[in-house]
Amino acid sequence: MAELRVALTFDAEHPSRRHCPPGNEERLLHSLAEAGARATFFLQGRWATAHPDLARAIAGGGHLVGNHSHYHASFPLLTPDGVRADLLQAHEAIALTTGADARPWFRFPFGDGEGDASIVSTLSSLGYRTIGWHVDPNDWDAARSPDDVEEAVVGGAMAHGDGAIVLLHAWPATTARALPRILRRLQAAQARLVTLDELLGL
């Protein structure tokens, strides 16, 4: 049987929607721990500063930590100095709250900036590389049910095959409700759940 590695990644940030009950991140961490699975969490710097116990729990749970900017602004709207300042502020906030070095893992807010060579060069000069995704269940959308998210993640990962990077968010209730079933189905399919450093060989 061909190897099937799947990297579940979660953007941990201040939510911009209503379906974000308190304790959601704790439920995600509990589900991952019960399944013996590790994931990658991209932390918004301001979120980590506001929720230091959660940020520490993520790193302390053996999950990989990445940088998801400080203010969650669209990077193409920032000046070069603004890009650098935001990235460094987030880097420092994440290091102070988790004790982890988020480099080289960076995910653009909204995915904006992937094709901008100048921004990518600035990130690289600060030790970061950009990480996108192959599977997006749109879990941020309140109209999506847990079943919708589950089917999109499992179906998308299986369709992509080995090396699928899945985009999820840490705050939607639908994601926390879908995650136990996602984990069971992927593990039943003999998928190996990995962090980005395992997947990308760093």
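Some values worked out for this structure:
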quantity	calculated
Anisotropy class of the chain from Cα gyration tensor, a/c 1.5 cut	prolate
Solvent-accessible area per residue, Å², over the range 124-180 with all protein chains present [probe radius 1.4 Å]	38 Å²
Amide H within-cut-off set for His14, under 5 Å, with H built and near neighbours excluded	Trp47
Helix 146-160 axis, angle to the chain major axis (alpha carbon atoms, nearest 10°)	80 degrees
Coordinate range along principal axes, alpha carbons of the range 65-145, Å, largest first	39, 30, 20
Helix-only [θ]222 nm of the chain, DSSP H runs n ≥ 4, -39500 (n - 2.57) each, per residue, nearest 500	-14000 deg cm²/dmol
Angle between the chain longest axis and helix 24-35 axis [Cα atoms, degrees, rounded to 10]	50 degrees
Theoretical gain in end-to-end length, Ala188 to His160 [0.36 nm per residue, Cα-Cα removed]	8.4 nm
Rounded percent of accessible protein surface that carbon and sulfur make up, the range 72-148, 1.4 Å probe	52 percent
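The values are calculated or read from the model by the stated rules, or taken from the named source; none is laboratory data. Given the structure is predicted, the values throughout are model-derived calculations rather than measurements. Quick note on the areas: whole protein, heavy atoms, side chains included, nothing else; ligands and nucleic acids left out. Shrake-Rupley method; radii C 1.70, N 1.55, O 1.52, S 1.80 Å.
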